[in-house]
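Before any comments, here is the structure.
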Amino acid sequence: MRVASSISFMDCTSPTGRRPSRAGAPAPRGASPFRLAGAIEGAMRFSQAFIPTVKEVPKDAVDASHILLLRGGYIRMIGSGIYEMLPLGQRVLKKISSIIRDEMDASGAQEVLMPAILPASYFQETGRWDVYGDVLMRLKDRRGGDYHLGPTHEEIITDMIRREVKSYRQLPQLLYQVQMKYRDEPRPRAGLLRCREFLMKDCYSFDVDIDAARNSYEKMRETYVRIFDRLGLGYRVVEADSGSIGGDTSAEFQVLAQSGEDAIVACTRCDYAANVEIAESKQDETGDVDHSKTPERELVETPGAKTIEQVVAFFQKRDADFSAKRTIKSLMVAYGDEQAPSFAMALVRGDHELNEIKLARALGVDEVRLASDEEVGRLLRCKTGYVGPILQEAATFDGKVFADPAVAALADAVCGAAKTQYHYEHVALGRDFEAEVTPLRQVAAGDLCVKCGGALESYRGIEGGHIFILGTHYSSKMNATYLDEKGESVPIVMGCYGIGVSRLMAAAIEQHHDDDGIRWPMPIAPFQAVVLALGNDDEVQKEAEQIYERLRAAGVEVLFDDREERPGVKFKDADLIGIPIRVTLGKRSLDQGRAEVKLRDQKEPELFPIGDIVAQVTRVITEAGS
RNA sequence: CGGGGCGUAGCGCAGUUUGGUAGCGCGCACGGUUCGGGACCGUGAGGUCGGAGGUUCAAAUCCUCUCGCCCCGACCA
């Protein structure tokens with residue numbers, strides 16, 4: 001065992017593993033006036049910490065953040081999509097939420113805490129008890145009453161507000177909470193990125209009218225920008241679909257990462273950025289398509305050519321220049337009542353993808369789905385793969401047909417003949433078939449920006465935050481009204497603003513890691529620095545301990561690796577856990593009166609006189625900001 | 001919900017085809033040697049083979065049912 005240092009009184013436990021006596025603890029914990037900005041309480045000895053790192057890759061983990069959180073001893077899974085936070089994980093969560101709380105408070109929002117377990121009546125009031133379906137974690141109490149765990153809290157907070165707010169004088173209000181949310185996801189995956197229980201900061205604004213609500217929304221947008229900046233994450237604010245939460249205006253804060261679930265496009269020239277679900281690009285030229293020279297339509301037998309790829313391969317045999325850009329992809333979709341669905345046909349150019357959300361909007365419905373093979377057969381009398389807008393006689397389909405502008409721009413195209421094993425050659429919209437022209441396709445890299453005409457780039461992102469103007473969607477359903485100056489009853493205008501706290505912890509790793517482990521941005525690292533004492537030389541141990549004590553006295557969150565482990569083990573663990581600053585002391589450097597400082601982001605260490613270490617470390621932390 | 005895969009020691013895996021003493025690596029405990037990038041030698045502890053039922057003299061292994069986990073898709077603030 002190590003020799004106790006005379007200044008180790010602030011330790012959680014003494015080096016002997018026993019608690020220090022009260023009398024020996026002059027400074028109350030958490031009272032250090034020297035704490036650096038962004039620091040949370042705590043320094044720790046590795047030998048006494050609960051940091052169970054593992055060498056081998058857990059078999060069920062695939063994503064970098066999942067693997068590293070498990071290996072680094074941050075989290076453990078106890079059920080599908082349900083995780084425990086170990087001390088390191090909890091520290092990171094605390095740091096992220098304290099930055100969030102700091103900025104939320106600064107924006108004027110007030111923190112509340114609502115229950116996680118909710119009586120069914122609130123969601124029944126807005127219809128979400130049914131709409132949310134299987135995603136709601138439902139329970140019954142002993143008397144058979146219906147309850148559920150909160151997936152989000154619009155109804156509850158709207159109720160809180162409607163009971164108390166009666167007058168315009170009581171508005172605006174801006175309330176938030178940091179709380180566990182529960183969603184029975186169809187498929188939890190990727191560790192903390194998609195859980196059934198997750199930590200979320202949710203905030204709700206209540207305003208007198210839409211203009212005031214826009215103000216709140218703008219204020220939150222700015223607050224979010226400050227939060228994401230402070231977290232040290234690379235992100236884009238993108239226009240987004242509002243989804244099932246309702247409302248019109250919304251923006252997502254997307255943490256950029258190759259492994260992200262969401263595809264987004266961003267302009268290389270201006271600030272336009274959007275989720276591909278709703279992204280638009282500059283309209284393709286559609287005016288004056290000249291098909292006067294287009295040859296007569298021709299029915300071609302195309303055995304086995306079911307996919308665009310196969311069709312292209314078939315026509316390339318005659319014309320080497322033929323490409324998917326000269327084909328029309330025809331898709332049958334079903335919408336409306338699932339018992340008796342309606343059908344529509346969507347046409348996009350062969351090299352484009354259909355955006356179902358855009359099609360749904362064109363149809364004026366919430367969602368559409370691709371028609372089944374059986375449905376296509378019944379409506380068109382042909383197999384999928386040969387669908388086309390020019391129907392054969394036996395077809396019974398009489399729904400709407402929509403075409404993307406890029407299809408309208410084709411003067412001489414190939415499309416399915418709506419007859420199994422056949423395609424048409426030389427067809428053109430307006431001559432051979434009719435369709436309503438509206439943007440339907442998924443925007444892709446290289447398309448032109450709707451705002452400025454610049455080229456769009458594509459990224460992948462992880463949705464870390466989402467802000468919405470809800471309007472009166474909830475307040476009108478729940479009768480949350482106030483009396484205005486004229487004494488008239490008016491529905492409150494709402495907004496809601498979420499940040500996935502636990503998800504951000506994983507997102508940060510997806511964005512910041514290498515082969516050796518995590519590379520935490522300074523503001524959210526569980527510790528700012530780690531001190532490694534190498535070898536079992538008494539002098540080295542003593543000196544390293546002094547450095548550790550001086551760092552903590554200076555307010556640095558520091559982990560002291562005092563374990564009786566070989567150097568390699570300590571280096572590997574330090575890299576894995578991902579602490580930004582590593583201070584290493586070994587016999588060699590001690591003999592020169594020096595210790596080594598290495599940043600997790602850098603390859604090479606730097607040697608400094610031992611007396612300068614504290615200054616160096618605090619300088620790096622200060623420069624990293626938070 | 002559709003498709004695929006996997007459940008054997010704390011972790012990672014072999015053993016299942018062809019039924020017959022449950023194994024390996026890591027980790028853990030003890031002793032020794034080592035000590036700047038996951039050391040080495042020796043000794044040792046640790047397993048209802050996911051669960052239930054069945055076939056059999058005999059089941060990790062064959063059959064039936066069931067539970068759980070992962071991946072792809074569908075879905076998703």
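The values are calculated or read from the model by the stated rules, or taken from the named source; none is laboratory data. The structure displayed is predicted, hence computed values, not measured ones. Quick reminder, even Gly has a Cβ in these numbers, built from the backbone with ideal geometry, and neighbours come from all protein chains shown.
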Restricting the range A:465-501 to residues that are among the charged types (D, E, K, R) and in a loop (DSSP other than H, G, I, E, B), which is nearest to RNA strand B (Cβ to nearest atom)?
A:Asp484
Out of (1) more than 11 Å from RNA strand B (Cβ to nearest atom); (2) in contact with a strand residue (DSSP E or B) (Cβ under 9 Å, 6 or more places away or on another chain); (3) over 30 Å from A:Lys219 (Cβ atoms); (4) not in a strand (DSSP E or B), what's the single condition that is false for A:Glu84?
(4)
Which ones in the range A:286-305 are more than 25 Å from A:Glu436 (Cβ to Cβ) and at pLDDT below 75?
A:Gly304, A:Ala305
By residue number, the members of the range A:325-369 that are away from RNA strand B (no atom under 16 Å from the Cβ), under 32 Å from the mean Cα position of the chain (by Cα) and assigned to a strand (DSSP E or B) are A:Leu347, A:Arg349
Given (1) touching a strand residue (DSSP E or B) at 6+ places or on another chain (Cβ under 9 Å); (2) exposed (fewer than 14 other Cβ atoms within 10 Å of the Cβ); (3) outside the structural domain of A:Ala480 (by TED's automatic domain parsing); (4) among the basic types (Lys, Arg), identify the lone condition not met by A:Lys55.
(1)
Selection over the range A:526-561 where residues are more than 20 Å from A:Lys95 (Cα to Cα), within 13 Å of RNA strand B (Cβ to nearest atom) and in contact with a helix residue (DSSP H, G or I) (Cβ under 8 Å, 6 or more places away or on another chain) yields a count of 11
Take the residues in the range A:165-196 that are in a loop (DSSP other than H, G, I, E, B), touching a residue at least 24 places away in the same chain (Cβ under 8 Å) and within 17 Å of A:Tyr132 (Cα to Cα), then tell me which one is nearest to RNA strand B (Cβ to nearest atom).
A:Pro186
Residue count, the range A:197-237 (criterion: more than 13 Å from RNA strand B (Cβ to nearest atom) and not in a helix (DSSP H, G or I))
11
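Each row is one residue, and each column tells you yes or no for (1) within 22 Å of the chain's Cα centre (by Cα); (2) hydroxyl-bearing (Ser, Thr, Tyr); (3) within 16 Å of RNA strand B (Cβ to nearest atom); (4) assigned to a helix (DSSP H, G or I).
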position	(1), (2), (3), (4)
A:Val54	no, no, yes, no
A:Pro58	no, no, yes, no
A:His66	yes, no, yes, yes
A:Leu70	yes, no, yes, yes
A:Arg76	yes, no, yes, no
A:Gln90	yes, no, no, yes
A:Ser97	yes, yes, yes, yes
A:Pro115	no, no, no, no
Has the range A:590-602 got at least one residue that is in a loop (DSSP other than H, G, I, E, B), more than 9 Å from RNA strand B (Cβ to nearest atom), without any contact (Cβ under 8 Å) to a residue 24 or more places away in the chain and closer than 23 Å to A:Met522 by Cβ?
yes
Would you mind finding the one in A:Gly500, A:Gly517 that is on the phi > 0 side of the Ramachandran plot and crowded, with 22+ Cβ neighbours inside 10 Å?
A:Gly517
Suppose we keep only residues that are within 9 Å of RNA strand B (Cβ to nearest atom) and surrounded by 17 or more Cβ atoms within 10 Å (Cβ to Cβ) within the range A:578-589. Which one would you say is nearest to A:Ile524 (Cα to Cα)?
A:Arg582
